[in-house]
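Okay, structure first, notes after.
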Amino acid sequence: MVRIGRAFNELNLGDILSEKMTITETHVVRAAGLFNDYNALHTNELDMKNSRFGKRIVHGALMFSLIVGVYSKAFHDTDISTVEASIKFTAPVYIDDTVTMEWTVTELDEKPKLNGGLVTLSGEIRNTEGTVQATLAAKILVGNEVVF
(Lines give C-alpha, C1' and ligand atoms only; values in the text may rest on other atoms or scores of the structure.)
Protein backbone atom coordinates (compact mmCIF):
# COMPACT_ATOMS: atom_id res chain seq x y z
CA MET A 1 0.00 0.00 0.00
CA VAL A 2 1.28 3.46 -0.90
CA ARG A 3 1.06 5.90 1.99
CA ILE A 4 -0.62 9.26 1.37
CA GLY A 5 0.58 12.12 3.55
CA ARG A 6 3.48 12.75 5.87
CA ALA A 7 4.59 10.71 8.86
CA PHE A 8 5.66 11.92 12.30
CA ASN A 9 9.29 10.98 11.68
CA GLU A 10 9.33 13.18 8.55
CA LEU A 11 8.39 16.38 10.42
CA ASN A 12 10.60 19.23 11.57
CA LEU A 13 9.92 22.21 13.80
CA GLY A 14 8.81 25.13 11.66
CA ASP A 15 7.30 22.98 8.88
CA ILE A 16 4.32 24.73 7.30
CA LEU A 17 1.09 23.15 6.05
CA SER A 18 -0.86 25.61 3.93
CA GLU A 19 -3.80 25.87 1.57
CA LYS A 20 -5.50 28.77 -0.18
CA MET A 21 -9.23 28.78 -0.92
CA THR A 22 -11.98 31.14 -2.02
CA ILE A 23 -15.03 30.79 0.23
CA THR A 24 -18.14 30.83 -1.95
CA GLU A 25 -21.88 31.21 -1.57
CA THR A 26 -22.15 27.45 -2.05
CA HIS A 27 -19.88 26.80 0.94
CA VAL A 28 -22.10 28.98 3.14
CA VAL A 29 -25.40 27.53 1.92
CA ARG A 30 -24.18 23.97 2.43
CA ALA A 31 -22.76 24.84 5.86
CA ALA A 32 -26.09 26.34 6.95
CA GLY A 33 -27.81 23.06 6.12
CA LEU A 34 -25.08 20.86 7.57
CA PHE A 35 -24.78 22.78 10.84
CA ASN A 36 -28.51 23.65 11.02
CA ASP A 37 -27.35 27.26 11.48
CA TYR A 38 -29.53 29.63 9.48
CA ASN A 39 -28.64 32.69 11.55
CA ALA A 40 -29.20 35.94 9.64
CA LEU A 41 -25.45 36.63 9.97
CA HIS A 42 -24.93 33.93 7.37
CA THR A 43 -28.16 33.80 5.40
CA ASN A 44 -29.87 37.21 5.22
CA GLU A 45 -28.10 39.68 2.93
CA LEU A 46 -30.78 42.36 3.41
CA ASP A 47 -30.52 42.43 7.20
CA MET A 48 -26.75 42.22 7.17
CA LYS A 49 -26.40 45.32 4.95
CA ASN A 50 -27.32 47.37 8.02
CA SER A 51 -25.24 45.34 10.48
CA ARG A 52 -21.78 46.21 11.76
CA PHE A 53 -20.38 43.72 9.23
CA GLY A 54 -22.12 45.32 6.24
CA LYS A 55 -22.78 41.95 4.63
CA ARG A 56 -23.13 38.26 5.46
CA ILE A 57 -20.26 36.49 7.20
CA VAL A 58 -19.08 32.91 6.91
CA HIS A 59 -19.85 30.40 9.68
CA GLY A 60 -17.01 30.06 12.18
CA ALA A 61 -17.60 26.30 12.25
CA LEU A 62 -17.06 26.18 8.49
CA MET A 63 -13.72 27.99 8.73
CA PHE A 64 -12.64 25.73 11.59
CA SER A 65 -13.56 22.63 9.57
CA LEU A 66 -11.73 23.86 6.49
CA ILE A 67 -8.48 24.58 8.30
CA VAL A 68 -8.60 21.23 10.14
CA GLY A 69 -8.88 19.74 6.65
CA VAL A 70 -5.47 21.21 5.84
CA TYR A 71 -3.70 19.02 8.40
CA SER A 72 -6.05 16.12 7.74
CA LYS A 73 -4.83 16.11 4.11
CA ALA A 74 -1.19 16.56 5.12
CA PHE A 75 -1.32 13.51 7.43
CA HIS A 76 -3.96 11.58 5.46
CA ASP A 77 -2.93 7.98 6.27
CA THR A 78 -0.90 8.74 9.41
CA ASP A 79 -3.38 10.93 11.37
CA ILE A 80 -4.27 8.92 14.46
CA SER A 81 -6.38 11.49 16.29
CA THR A 82 -6.92 15.16 17.01
CA VAL A 83 -6.24 15.42 20.75
CA GLU A 84 -7.25 19.07 21.16
CA ALA A 85 -7.99 22.08 19.00
CA SER A 86 -9.07 25.66 19.60
CA ILE A 87 -9.82 28.74 17.53
CA LYS A 88 -10.05 32.46 18.23
CA PHE A 89 -11.84 34.60 15.64
CA THR A 90 -10.22 38.01 15.18
CA ALA A 91 -11.96 39.35 12.03
CA PRO A 92 -14.91 38.20 9.93
CA VAL A 93 -14.57 36.00 6.87
CA TYR A 94 -16.87 37.13 4.07
CA ILE A 95 -18.32 35.25 1.13
CA ASP A 96 -15.86 35.49 -1.80
CA ASP A 97 -12.87 36.06 0.50
CA THR A 98 -9.80 34.15 -0.62
CA VAL A 99 -8.12 32.93 2.52
CA THR A 100 -4.81 31.32 3.32
CA MET A 101 -5.13 28.63 5.98
CA GLU A 102 -1.77 27.81 7.48
CA TRP A 103 -0.43 25.57 10.24
CA THR A 104 3.11 25.67 11.62
CA VAL A 105 4.67 22.75 13.50
CA THR A 106 5.72 24.20 16.87
CA GLU A 107 6.46 21.10 18.93
CA LEU A 108 7.20 17.42 18.31
CA ASP A 109 6.84 14.92 21.16
CA GLU A 110 7.84 11.41 20.13
CA LYS A 111 5.67 8.58 21.46
CA PRO A 112 7.57 5.34 20.68
CA LYS A 113 4.80 3.10 22.05
CA LEU A 114 2.47 4.60 19.44
CA ASN A 115 5.07 4.41 16.66
CA GLY A 116 4.67 8.14 16.13
CA GLY A 117 4.14 11.21 18.24
CA LEU A 118 2.22 14.25 19.33
CA VAL A 119 2.44 17.20 16.92
CA THR A 120 1.64 20.67 18.25
CA LEU A 121 0.49 23.12 15.59
CA SER A 122 -0.17 26.84 15.58
CA GLY A 123 -2.56 28.05 12.91
CA GLU A 124 -3.76 31.17 11.19
CA ILE A 125 -6.43 32.13 8.67
CA ARG A 126 -5.86 35.37 6.78
CA ASN A 127 -7.35 37.10 3.76
CA THR A 128 -5.53 38.46 0.70
CA GLU A 129 -5.08 41.83 2.42
CA GLY A 130 -3.16 40.05 5.19
CA THR A 131 -5.84 40.54 7.84
CA VAL A 132 -5.67 37.72 10.38
CA GLN A 133 -9.20 36.36 10.65
CA ALA A 134 -8.52 33.55 13.11
CA THR A 135 -5.73 32.06 15.17
CA LEU A 136 -5.66 28.42 16.18
CA ALA A 137 -3.86 25.79 18.20
CA ALA A 138 -4.03 22.03 17.77
CA LYS A 139 -2.39 18.86 19.01
CA ILE A 140 -2.65 15.72 16.94
CA LEU A 141 -1.26 12.21 17.17
CA VAL A 142 0.55 11.23 14.00
CA GLY A 143 2.01 7.82 13.22
CA ASN A 144 5.19 6.87 11.39
CA GLU A 145 3.24 4.63 9.03
CA VAL A 146 -0.29 3.99 7.79
CA VAL A 147 -2.48 3.73 10.88
CA PHE A 148 -5.45 1.77 9.54
Query raised in the report: Going by the conditions given, is VAL83 of a type outside the set (Lys, Arg), in a strand (DSSP E or B), in contact with a helix residue (DSSP H, G or I) (Cβ under 9 Å, 6 or more places away or on another chain) and within 24 Å of LEU17 (Cβ to Cβ)?
Result: no
**Report entry** Residues located in region 1-57, provided they are within 19 Å of the chain's Cα centre (by Cα), outside any helix (DSSP H, G or I) and among the hydroxyl-bearing types (Ser, Thr, Tyr)
**Finding:** SER18, THR22, THR24
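Quick check, is ALA31 of a type in the set (Gly, Ala, Ser), under 27 Å from GLY143 (Cα atoms) and crowded, with 18+ Cβ neighbours inside 10 Å? Even if it seems obvious, please write down each step before you answer.
Working: of a type in the set (Gly, Ala, Ser): yes; under 27 Å from GLY143 (Cα atoms): no; crowded, with 18+ Cβ neighbours inside 10 Å: yes.
Answer is no for this residue.
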Report summary line: Scanning region 1-27 residue by residue, the ones that are touching a helix residue (DSSP H, G or I) at 6+ places or on another chain (Cβ under 6 Å) and hydrophobic (A, V, I, L, M, F, W, C) total 1
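Please tell me if ALA91 is at pLDDT 95 or above, under 22 Å from PHE8 (Cα atoms) and either part of a loop (DSSP other than H, G, I, E, B) or not charged (D, E, K, R) (or both).
Judged against the criteria, ALA91 is not a match.
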Report summary line: Within region 100-114, of all residues that are surrounded by 16 or more Cβ atoms within 10 Å (Cβ to Cβ) and touching a helix residue (DSSP H, G or I) at 6+ places or on another chain (Cβ under 8 Å), the one nearest to VAL142 (Cα to Cα) is LEU108
Requested in this report: List every residue pair whose Cβ atoms lie under 7 Å apart, where the two residues are 6 or more positions apart in sequence or sit on different chains, the first residue falls within region 2-27 and is under 21 Å from THR100 (Cα atoms), and the second residue, located anywhere, is of a type in the set (Val, Ile, Thr) and part of a loop (DSSP other than H, G, I, E, B).
Outcome: GLY5/THR78; ARG6/THR78; ILE23/VAL58; ILE23/VAL93; ILE23/ILE95; THR24/ILE95; GLU25/ILE95
Query raised in the report: Does VAL142 satisfy the criteria of being within 27 Å of ALA31 (Cβ to Cβ) and not basic (Lys, Arg)?
Result: no
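The values are calculated or read from the model by the stated rules, or taken from the named source; none is laboratory data. Here the structure is a predicted model, which is why all the values come from computation and not from measurement. Neighbour counts run over all protein chains shown; Cβ positions are idealised from the backbone, glycine included.
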